Every structure is written in structure tokens, then in C-alpha cells.
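Report on the structure given below.
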There are 2 protein chains.
Amino acid sequence: MDGSNVPKPTVKRLAIYYRCVEKLMEKGKESVSSQDIALKLGLKASQVRKDLSYFGEFGKRGVGYDTESLFDNIGEILGMKRRWNVCIVGIGNLGLALANYPALTRSGFYVKALLDNDTNKIGIPMPGDLYIEDVKDMKEIIKKRNIDVGVITVTADNAQTSVDKLVESGIKGIINFAPVKLAVPKSVKLEEIDISVAFRSLAFQINLSSR
Amino acid sequence: MDGSNVPKPTVKRLAIYYRCVEKLMEKGKESVSSQDIALKLGLKASQVRKDLSYFGEFGKRGVGYDTESLFDNIGEILGMKRRWNVCIVGIGNLGLALANYPALTRSGFYVKALLDNDTNKIGIPMPGDLYIEDVKDMKEIIKKRNIDVGVITVTADNAQTSVDKLVESGIKGIINFAPVKLAVPKSVKLEEIDISVAFRSLAFQINLSSR
């Protein structure tokens, strides 16, 4: 089962399938068809089948997929079998919210450092035996604690500087919440989260239904 | 230009195209092809063309789309021409972060009420001439301030109760950040934001590149 050359939209959908299959498993469903997944997510069954086919044939025609092994297979592809260490850069409200976000731990992401440049914040104790640390010590902290992923929750103005520091420190991937386009070398993976996209999509649905 | 019967994945992509075209406009680009948009977003040009074709023919073959009119057209479809009033239910760290999220205002979403059930929080002044108000007064507040959209940032346990209250109060749409499946009547639109999806997608990309 190899996942190279998988298009990015497929990767994103795989992460969504994973969550969907997880929920079905929690409900005790033992098998699931591409049609089931497609219906739940508002996609075409042919799309779901095609996405899963990048990784070989999981399902049996007419029977569907065994829920647990589908979950395990997608999980392996997505890297859910391992544990990821995370640092958060910028401990404002959003940074605090993420430091206490249980869904991250459930997905295998463990917050191991909270960094800020505000001397009033440095030293404040935080849940999980952490405290807010000086962003100046980033490189050392990342190396010592084997941190894989950096989360950017600083302002747009400070985002690129923070990213450059993360890259210098040998980070593998970055999640960006700052509303700005960031430059990273090809070796570092980047995901951007724009919360306003969901708001716009909701506005569209309300708009349509009120016509 | 009618948008009824547009599949939900297309709606979501439209919201993303909107942001992409907005950025191109800010850079001073006067025209844009479906190929340009597709490349920027990692989609197929044929997909972009198909999505936009639901709304009639914006573009000219070989020339592409006029950036500004494409932006205006998508914006109209998405309901960006109007102003949406928002209330946030649950003023923890995430609620506070959203109350101060400039990208929302830029997209036409104005936070008009911050509700919580914690008597220690009620009355605390907040930016934008707001203060934290009692969730018990939700119905009155929603009617008086013409609030269209409710944002759920309470815990998973409290989410459905809050949603039921929003629905009773005549809300049009709900954005859910709580990690739980919510039930709403068909007349109320619902968008769920699961931040862990982006983390999982990043993990997959790191996983692949390290093989």
C-alpha cells in the first residue's frame, strides 16, 4: 500500500473519511459501503471509490468495506499510527484554545511546547505540566523534545518570521492559522486553516434557501 | 444566475475560489484562467470550470475570467454582498479568539452577541462595545439584534442544548466547533469545523515524504 503521487484534494478527503469511518465504528457498524460514506459527506460514491482505490482494493463488491480494517488502513496511510509532537507559536486566545483541544490528542498530536515573545506571558503555567516559554529558545526546545509540527497562531505580521524560525529549527510540518500566505521550502509541509471559509459556505446555503 | 441544486462540495470549493480570486485581485491581476485557480489550489482545471459552470458562463475561452467580475459573481452567489450578524455561544478561549477574528468581519460577519452560562463571566466587557451576556436571554437578543448565525464553542456535552435554543430563537445557520454530531431541522443550515482534519492531512504529507 503506497500513497505517493496522491493528489492533495484526495489527501484532504481521506482525512475526512477517516473521521467518518471512526464515527461509524463507534456506533458499532461492522461494514460500510462507498455509497454510505458518500451519502454522509455529500460526495459521489464513485469519488469515494476512486479516492480509496489509490491505495489498492480495500472493499469487496456488493459487501463493502470492513469498518475496522478500513479505519486501520486509512489510519496507517495518514500516519495516525504514530505520535506527533507539536509546538504552538503565539499564545493568544486561539493558541490557548488549541493547547486545550482534546480532539488533537485523540488524533495523535501532543502539545509539547507553548512559545511566545511576550515577557509578561513567559513562565505562566499551563495544563499538561507545560508553561509558556520564550520563542527565542525555539530551536533548542524543538530538538530536545523531538517536535515534528509547529502551529502558527501569531498575527499576520509576525507569521513569516515565526515560520522561518521553525524551518531553521528543523520542523517537519506547519499548520497556519494566520490570515497570510507563507513561504516554506519544499521539504517542509504546510497546511492552512481559514475559518472564514466555513462561514462563507454557510452564508451561501442560507442565501440559497431563502430565495 | 441561480445556484439551487449546487452540490455541497462545489459550494465549499466556491468559498475557496472566492478567497483565491480575492488574493489575485489584491495582487493586481486583471484576468485569471481556470488553470490558474486550479494550480493554486491543487485541483483539476476541468473541475474548476465545471464548478463555475453551475452559474452560467463567466469566462471567455482563451482569455479567462475578468478577476473583478469573477470575484463579484462568486461573492453574490455566496451571499457576500450582505452583512451577517453573529452570536457566539460559549466564551472560552476559542469563543474569545473568534470574537476578535478580523477575517470574519472582512467576510461580512459581525459579532453582535457573546453568550455564556457562567455567572462569573456575565457582564465582562469585550471589544466592539460588547459584553458577555447570559445565555438565558438568547431568544430576546437574537430577535432584537437580527442575528442570523450562531457559533457553537461550548463543550461537546452542552452543544445540542445550545443548538436547540438557537433553533427555537429562529437562527438561520449554525457553525459548530464542538466535536460532536448535532441535530438541526432542515430549515437551519449547519457547518461543522473539525480542526483535527488539517492536522491529519499534514501528518499524511509528512509521512509520505519521509518514505
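The values are calculated or read from the model by the stated rules, or taken from the named source; none is laboratory data. The model shown is predicted, which means the values in this text are computed figures rather than measured ones. Every residue, glycine among them, receives a Cβ derived from its backbone with ideal geometry; neighbour counts consider all protein chains shown.
Observations, loosely collected:
- Any hit, segment B:50-68, residues being among the hydroxyl-bearing types (Ser, Thr, Tyr), part of a strand (DSSP E or B) and within 14 Å of chain A (Cβ to nearest Cβ): no
- Among the residues making up segment B:6-27, those that are of a type in the set (A, V, I, L, M), facing another protein chain (nearest Cβ under 8 Å) and in a helix (DSSP H, G or I) are B:VAL11, B:LEU14, B:ALA15, B:ILE16.
- Screening A:TYR101 with (1) within 7 Å of another protein chain (Cβ to nearest Cβ); (2) within 30 Å of B:GLU76 (Cα to Cα); (3) aromatic (Phe, Trp, Tyr) gives one miss only, at (2).
- Screening the candidates A:LEU202, A:LEU182 for the property of being in contact with a helix residue (DSSP H, G or I) (Cβ under 7 Å, 6 or more places away or on another chain) and either within 9 Å of chain B (Cβ to nearest Cβ) or not aromatic (Phe, Trp, Tyr) (or both) yields one hit, A:LEU182.
- Here A:TYR110, A:TYR101 are screened, and the one residue that is free of Cβ contacts under 8 Å to residues at least 12 places away in the same chain and under 21 Å from the mean Cα position of the chain (by Cα) is A:TYR101.
- Number of residues in segment B:148-165 that are more than 22 Å from A:SER201 (Cα to Cα) and within 14 Å of chain A (Cβ to nearest Cβ): the value is 3.
- Take the conditions (1) facing chain A (nearest Cβ under 9 Å); (2) buried (at least 22 other Cβ atoms within 10 Å of the Cβ); (3) closer than 18 Å to B:LYS12 by Cα; B:ILE37 misses just one of them, which is (1).
- For A:VAL151: the one exception among (1) farther than 30 Å from B:ASP148 by Cβ; (2) at pLDDT below 90: (2)
- Enumeration of residues in segment B:188-199 that are within 18 Å of A:SER201 (Cα to Cα), at pLDDT below 90 and facing chain A (nearest Cβ under 7 Å): B:ILE193, B:ASP194, B:ILE195, B:VAL197, B:ALA198
- Residues (more than 7 Å from chain B (Cβ to nearest Cβ) and of a type outside the set (Val, Ile, Thr)) located in segment A:81-91: A:LYS81, A:ARG82, A:ARG83, A:ASN85, A:CYS87, A:GLY90
- Output for segment A:10-47, where each listed residue is among the aliphatic types (A, V, I, L, M) and within 21 Å of B:GLU191 (Cα to Cα): A:VAL11, A:LEU14, A:ALA15, A:ILE16, A:VAL21, A:LEU24, A:ILE37, A:ALA38, A:LEU39, A:LEU41, A:LEU43
- Looking only at segment B:113-159, and only at residues there that are within 23 Å of the chain's Cα centre (by Cα) and hydroxyl-bearing (Ser, Thr, Tyr), the one that is surrounded by the most Cβ atoms within 10 Å (Cβ to Cβ): B:THR153
- Only residues that are farther than 17 Å from B:MET80 by Cβ, touching a helix residue (DSSP H, G or I) at 6+ places or on another chain (Cβ under 7 Å) and not charged (D, E, K, R) were counted in segment B:16-45, giving 10.
- Among residues of segment A:26-53, those that are modelled with pLDDT of 85 or more and more than 20 Å from B:VAL197 (Cβ to Cβ), counted: 9
- Identity of the residue in segment A:160-187, of a type in the set (A, V, I, L, M), buried (at least 19 other Cβ atoms within 10 Å of the Cβ) and modelled with pLDDT of 95 or more, that ends up nearest to B:TYR18 (Cα to Cα): A:ILE175
Rundown of residues vs (1) in contact with an Asp or Glu (Cβ under 9 Å, 6 or more places away or on another chain); (2) not charged (D, E, K, R), yes/no style:
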| site | (1), (2) |
| --- | --- |
| A:MET25 | yes, yes |
| A:LYS29 | yes, no |
| A:LYS40 | no, no |
| A:GLN47 | no, yes |
| A:GLY64 | yes, yes |
| A:ASN73 | no, yes |
| A:LEU78 | no, yes |
| A:GLY90 | yes, yes |
| A:ALA99 | no, yes |
